[in-house]
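Read through the structure below, which is laid out as structure tokens, and then see the notes.
Every number in this text was worked out from the coordinates using simple rules, so none of it is lab data. What you are looking at is a predicted structure, and each value in this text was computed from that prediction instead of being measured. So basically every Cβ, Gly included, is an ideal-geometry build from the backbone, and we count neighbours across all protein chains shown.
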Amino acid sequence: MIRTCDTDVVVIILSTLTSIPLAHEVWISFGVGSHHRYIAAHTITATLGPSKTPALAVFHAFTGSDTTSFCAGIGKRTAWKTSDVFPDVTDAFSLLADVPPSILESTIEVLEKYVVLLYDRTCQLAAVNEARQHIFARRSRALENIPPTQAALKQHILLTAYQAGHFWGKSLQKEPILPSPEHSGWHQSNCSWEPKWTTIGQAQMFILDSVVTSSLASWGDSYSVRDTLGVNCDLGIRLNIY
């Protein structure tokens, strides 16, 4: 019997259960109060089978955990159902669980397509940047309801692989040796490690530079700055100059 209130712990148990000798029957006491229940871990792993069980930790990290982010507006059920209709992503998750020395471009392409399907099951596009434009323009979605940029997704994949492959994947080791997170979606800031969300700047700042530069060329035509970004034109000009 294992007692926990943490979903991450449940996922770690399920994804590593087949690697534990003599773990033929393992029960998890999960939750508190009216939400408490017993989970038959051995039954779940048997149902998932040898293909999905090793990929479970990566799926959990990719779709949001205590230490990784998730695609806005996409819950676990939607993510799981999408993986059922796009089985290639399970193979991609399994590859990340094996802690490869580098992530193959083909794996990234599969994960891109999976993210596109999370936001639009009928979309035929495979690249997230193209899908962002299509969903935003054709589906009239708000910015928070379209896929992330490719740059942001690649960082998320690195974070996912590090968390699920190295941390959770080595949970059965007494003293695991972990590589530096420097090339796995993290960067140092003020003597601490922080997630590196993307490798490109914020779109608003690019728009600000572009609009203000255009306004400077005509000097006095400040309508586009105020109406597009809602900022004071003079302040925008000063920011651009300095």
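Before moving on, here are some points about what is shown:
- R0 of 30 Å, Cβ-Cβ distance Thr67-Arg139: FRET efficiency to nearest 0.05: 0.45
- Applying the Karplus relation 6.51 cos²θ - 1.76 cosθ + 1.60 with θ = phi - 60° to the range 126-136 yields 3J(HN,Hα) values of 10, 9, 5, 5, 5, 5, 4, 5, 5, 5, 5 Hz, where x marks Gly and Pro.
- The alpha carbon centroids of the range 6-35 and the range 132-149 are separated by 38 Å.
- ³J(HN,Hα) computed for each position of the range 16-23 - Karplus, 6.51 cos²θ - 1.76 cosθ + 1.60, integer Hz, glycine/proline x: 10, 4, 5, 8, 9, x, 6, 8
- Members of Lys81/Lys174; Lys76/Lys113; Lys113/Lys170; Lys52/Lys174; Lys52/Lys113; Lys76/Lys154 lying beyond 27 Å, as alpha-carbon distances in this model show: Lys81/Lys174; Lys113/Lys170
- The range 91-114 and the range 38-75 have their alpha-carbon centroids 16 Å apart.
- Each residue of the range 160-177 was assigned a 3J(HN,Hα) from its phi angle through the Karplus curve 6.51 cos²θ - 1.76 cosθ + 1.60 (θ = phi - 60°); the sequence is 4, 4, 5, 5, 7, x, 8, 6, 6, x, 9, 5, 8, 8, 5, 10, x, 9 Hz, with glycine and proline shown as x.
- For the range 68-146, a crude dipole built from +1 on the beta carbon of Lys and Arg and -1 on the beta carbon of Asp and Glu, taken about the Cα centre, is about 520 debye to the nearest 20.
- When the alpha carbon gyration tensor of the range 23-114 is reduced to an equivalent ellipsoid, its three semi-axes come out at 26, 17, 13 angstrom, largest first.
- Near the amide H of Ile2, within less than 5 Å, lie the amide hydrogens of Trp27, Ile28, Ser29, all on another chain or at least 5 residues away, with H placed in the peptide plane.
- When each of the peptides 150-158, 89-97, 30-38 is scored by the mean number of other C-beta atoms lying within 10 Å of its residues, the order from highest to lowest reads 89-97, 150-158, 30-38.
- Prolate/oblate/rounded call for the range 1-75, Cα gyration tensor, a/c under 1.5 rounded: oblate
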